[in-house]
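> The following block contains the structure, expressed as structure tokens.
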Amino acid sequence: MTAVSSIPGGMAPGGVPRPASAWSFGGAAPVSDGLDRAPAVIGGVADLEWAAAVDAIRALGPDDEVQLICHVNPDGDALGSMLGFALGLRRLGLTRLRATFPGDFDVPEPYKGLPGSDLLVPEHEAYRAPALVLIFDVAAESRLGALVELLPVAPVVIVLDHHASNTGFGGINLVAPRAAATSVVAEALLTRLGVPLDAEIAECLYVALSTDTGSFKFDLTTPEVHELAARLIATGISPAEISRRIFDTRPFGAMKLSGEVLGRARLDAGAAGGRGLVWTWATQADLERHAQKPYVLESLIDPVRSVAEADVAVLVKEMKAGEWAVSLRSKGAVDVSKVAVALGGGGHRLAAGFTGHGSPEEVVQQVKDLLEGALTQ
Ligand SMILES: [Mn+2]
């Protein structure tokens, strides 16, 4: 068994803080999970970057302020990897932890009960001058909103991410483009920090892993992904209960809304060089009519991309008048991240997004034009 409990420092018995000079690591001594976890080998991250991240976190005192941030309109991977890692830091004895994301402080319903949610604060309550900023699932500074102002202020900024389009905007960049989720990177760093998995951390990381892999269906669902899932499930969490809550529960209004949005889908079998494109759109008025919040639209790309006659699926969601969040998916024939990057967004080869302007038809025409260009070059 790993001698995790021998890590020195932290709180003395009775909760009396040890002198700062003696504090090196570890709160109440973590209990080993019984798994001798060797740090996962994750492509794309240099040993020096891992070492720099571990050193930066170990150098913190228990009272140092740590600000965790994930991307605007957070999804399961953003929130799950951020909160799971935050709980790991708490296990290490760090007491000043806040987690946030830019924009409205509106956590999607399926993620509201995640362990560590007590650490979530609205962006205006973020620490002003934290000793460390940790950023999760963010490919570019543009996804940080006003929180980008913390970057020059913090002495250390560590980015954990898996987007191939990541711009390397952190001081320390743990960016693994072949990782299925940011939670894979988060777990690897927790392992290097000697933090054992427990059920709370595992629930967060499992939600992150299962959402970003589409319930272990997508391209990057490797043996390592299933091995990580096994380690998480071994803590006692219930995949069935979590999946029911995250994937298989929605309000009646959301179901009616999805019926309308799917009912207006259009298929252009000749688009993308004959590979086909299917698309649909949802407006703010649609949401209001069914009293739903924008997050209910996130999963609607899945039925759209199931269409057999199209390699490319596009979901155009109105954010505000004339501004659209555009989700792109490919079955494999087309690299949609190139289209997204060309239009100011980012993402992965088979799943990407950008912010569009104009009418839905105009936004989709831009996508079609770029696809033709890419395919005829
Ligand atoms: Mn992700």
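The values are calculated or read from the model by the stated rules, or taken from the named source; none is laboratory data. Just so it is clear, the model here is predicted, and its values are computed rather than measured. Neighbour counts run over all protein chains shown; Cβ positions are idealised from the backbone, glycine included.
> Does L119 satisfy the condition of being buried (at least 24 other Cβ atoms within 10 Å of the Cβ), in contact with a helix residue (DSSP H, G or I) (Cβ under 7 Å, 6 or more places away or on another chain) and closer than 21 Å to A208 by Cα?
Taking the combined requirement at face value, the residue does not satisfy it.
> When the range 260-294 is examined, which residues are found to be assigned to a loop (DSSP other than H, G, I, E, B) and among the charged types (D, E, K, R)?
R264, R275, K293
> Against the definition (surrounded by 18 or more Cβ atoms within 10 Å (Cβ to Cβ), closer than 23 Å to R275 by Cα and of a type in the set (D, E, K, R)), how does D311 come out, yes or no?
Here the answer is yes, as D311 does meet what is asked.
> Within the range 129-145, can one find any residue that is more than 26 Å from R58 (Cβ to Cβ), in a loop (DSSP other than H, G, I, E, B), away from the ligand (no atom under 16 Å from the Cβ) and assigned by TED's automatic domain parsing to the domain that holds T213?
no
> Moving on to the next point. Condition first: within 30 Å of F216 (Cβ to Cβ) and assigned to a loop (DSSP other than H, G, I, E, B). Now tell me which residues in the range 56-80 satisfy that.
H71, V72, N73, P74, D75, listed by residue number.
> Now a separate question. Regarding L119, is this residue touching a residue at least 60 places away in the same chain (Cβ under 8 Å) and in contact with a strand residue (DSSP E or B) (Cβ under 6 Å, 6 or more places away or on another chain)? Working first, answer last.
Numbers: touching a residue at least 60 places away in the same chain (Cβ under 8 Å): no; in contact with a strand residue (DSSP E or B) (Cβ under 6 Å, 6 or more places away or on another chain): yes.
No, not satisfied.
> Can you tell me which residues in the range 52-76 are under 24 Å from E149 (Cβ atoms) and within 16 Å of the ligand (Cβ to nearest atom)?
Answer for the range 52-76, where residues must be under 24 Å from E149 (Cβ atoms) and within 16 Å of the ligand (Cβ to nearest atom): L68, I69, C70, H71, V72, N73, P74, D75.
> Shifting gears a bit: Before we move on, is V296 touching a helix residue (DSSP H, G or I) at 6+ places or on another chain (Cβ under 8 Å), closer than 26 Å to V334 by Cα and among the hydrophobic types (A, V, I, L, M, F, W, C)? Break it down stepwise before answering.
Values: touching a helix residue (DSSP H, G or I) at 6+ places or on another chain (Cβ under 8 Å): yes; closer than 26 Å to V334 by Cα: no; among the hydrophobic types (A, V, I, L, M, F, W, C): yes.
Against the criterion (touching a helix residue (DSSP H, G or I) at 6+ places or on another chain (Cβ under 8 Å), closer than 26 Å to V334 by Cα and among the hydrophobic types (A, V, I, L, M, F, W, C)), V296 does not qualify.
> Let me ask something additional. Outside the structural domain of H71 (by TED's automatic domain parsing), under 17 Å from the mean Cα position of the chain (by Cα) and among the basic types (K, R): does that describe R349?
Considered against the rule, which asks whether it is outside the structural domain of H71 (by TED's automatic domain parsing), under 17 Å from the mean Cα position of the chain (by Cα) and among the basic types (K, R), R349 comes out as yes.
> So which of E224, E203, E149 ends up being of a type outside the set (F, W, Y), touching a residue at least 40 places away in the same chain (Cβ under 8 Å) and away from the ligand (no atom under 16 Å from the Cβ)?
Sole residue among the options that is of a type outside the set (F, W, Y), touching a residue at least 40 places away in the same chain (Cβ under 8 Å) and away from the ligand (no atom under 16 Å from the Cβ): E203.
Results for (1) of a type in the set (D, E); (2) crowded, with 20+ Cβ neighbours inside 10 Å; (3) within 12 Å of the ligand (Cβ to nearest atom), shown as yes or no for each residue.
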site: V159; (1), (2), (3): no, yes, no
site: T182; (1), (2), (3): no, yes, yes
site: E187; (1), (2), (3): yes, yes, no
site: L197; (1), (2), (3): no, yes, no
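> Next question, about the same structure. Give me the residue from the range 122-138 that is of a type in the set (A, V, I, L, M) and touching a residue at least 60 places away in the same chain (Cβ under 8 Å) and, out of that set, surrounded by the most Cβ atoms within 10 Å (Cβ to Cβ).
Looking at the filtered set, the residue picked out is L134.
> Then there is this: Tell me whether the range 22-42 contains one or more residues that are at pLDDT below 95, within 16 Å of the ligand (Cβ to nearest atom), part of a loop (DSSP other than H, G, I, E, B) and under 20 Å from E187 (Cβ atoms).
Yes; the residues of the range 22-42 include at least one that is at pLDDT below 95, within 16 Å of the ligand (Cβ to nearest atom), part of a loop (DSSP other than H, G, I, E, B) and under 20 Å from E187 (Cβ atoms).
> Suppose we keep only residues that are among the small types (G, A, S) and within 10 Å of the ligand (Cβ to nearest atom) within the range 77-93. Which one would you say is surrounded by the most Cβ atoms within 10 Å (Cβ to Cβ)? Spell out the reasoning first.
Within the range 77-93, the subset among the small types (G, A, S) is 78, 80-81, 84, 86, 88, 93.
Now drop any that are not within 10 Å of the ligand (Cβ to nearest atom), which leaves 78, 80-81.
Details: A78: 27, G80: 34, S81: 32.
Step by step, filter the range 77-93, then rank; the result is G80.
> Evaluate the following for S165: is it touching a helix residue (DSSP H, G or I) at 6+ places or on another chain (Cβ under 9 Å), over 21 Å from G44 (Cα atoms), of a type in the set (S, T, Y) and surrounded by fewer than 20 Cβ atoms within 10 Å (Cβ to Cβ)?
In short, no.
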